[in-house]
1. Consider the candidate values [x] 60; [y] 71; [z] 65; state which one is percent of Cα pairs over 17 Å apart computed from the structure displayed.
2. Consider a paramagnetic label point 7 Å from the Cα of residue 70 along Cα→Cβ; state which residues of the range 24-45 have an amide N under 18 Å from it.
3. Could you order the peptides 113-122, 60-69 from most to least packed, using the average number of other C-beta atoms within 10 Å per residue?
4. Short version: ³J(HN,Hα) in whole Hz for each residue of the range 71-76, in order, from phi by Karplus 6.51 cos²θ - 1.76 cosθ + 1.60 (θ = phi - 60°), x for Gly and Pro, what are they?
5. Report the net charge of residues surrounding residue 110, where surrounding means a beta-carbon distance below 11 angstrom and charges are Lys +1, Arg +1, Asp -1, Glu -1.
6. What accessible area per residue comes out for the range 1-129, rounded to a whole number of Å², with a 1.4 Å probe?
7. Need one value: the accessible area of residue 20 in square angstrom, 1.4 angstrom probe, rounded to the nearest 10.
8. Among DSSP bridges having both ends in the chain, what percentage is antiparallel? Round to the nearest 5.
Amino acid sequence: MCALDVGSGSGYLTACMAEMVGDNGRVVGIDHIPGLVEGSKKVLDRHYSEWMQSGRIKVLTGDGREGYPDEAPYDSIHVGAASSHAPTELIAQLKSPGRLFVPVGSFSQNIVVYDKDCNGNVKEHEIMAVKYVPLTDPEKQCSEEFG
């Protein structure tokens, strides 16, 4: 099993996902803030060095809006920030079958689950209303607009 954690931040959920995928699985955590990535690598190396060395966990700096095609397709993708629209790049990186869990919307947001079936057909359904930070680039995130 292979999973992608977009907006991996501290690495906490990435580690949880690595526990869930098991010994033969792998999880890629991606975040656009280099300092967060370096900090999470240090913490994960300290507590899960075997998983980091074996490749069960991989954490890198990048634009999570584009996913991480090098390790695709993914059985599951989690996004920890709100996409303003359906994240087509991430949906394309889902395995058939696969599941994407992502907050979608600008002012009004909902958790949306995208399920890709074994034929590649995608269905979406809203789970609940939420309020997340926007899925954006580092410059915009660090601007005065977002505080």
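The values are calculated or read from the model by the stated rules, or taken from the named source; none is laboratory data. Just so it is clear, the structure is predicted and the values come from calculations on it, not from any experiment. Please note: Cβ atoms are built from the backbone with ideal geometry, for glycine as well, and neighbour counts cover all protein chains shown. Remember, those area values only see protein heavy atoms, side chains included, never the ligands or the DNA or RNA. Shrake-Rupley method; radii C 1.70, N 1.55, O 1.52, S 1.80 Å.
1. [x]
2. Label zone hits: 26-42.
3. In decreasing order of mean packing, 113-122, 60-69 become 60-69, 113-122.
4. Karplus values, whole Hz, x for Gly and Pro: 10, 5, x, 10, 5, 8.
5. Details: positive: 131; negative: 124, 126.
Net charge in that neighbourhood comes out at -1.
6. On the way: 6650 Å² over 129 residues.
I get 52 Å² per residue for the range 1-129.
7. Residue 20 exposes around 140 Å² with every protein chain in place.
8. Numbers: 15 of 35 bridges.
For the chain, the DSSP antiparallel bridge percentage is about 45.
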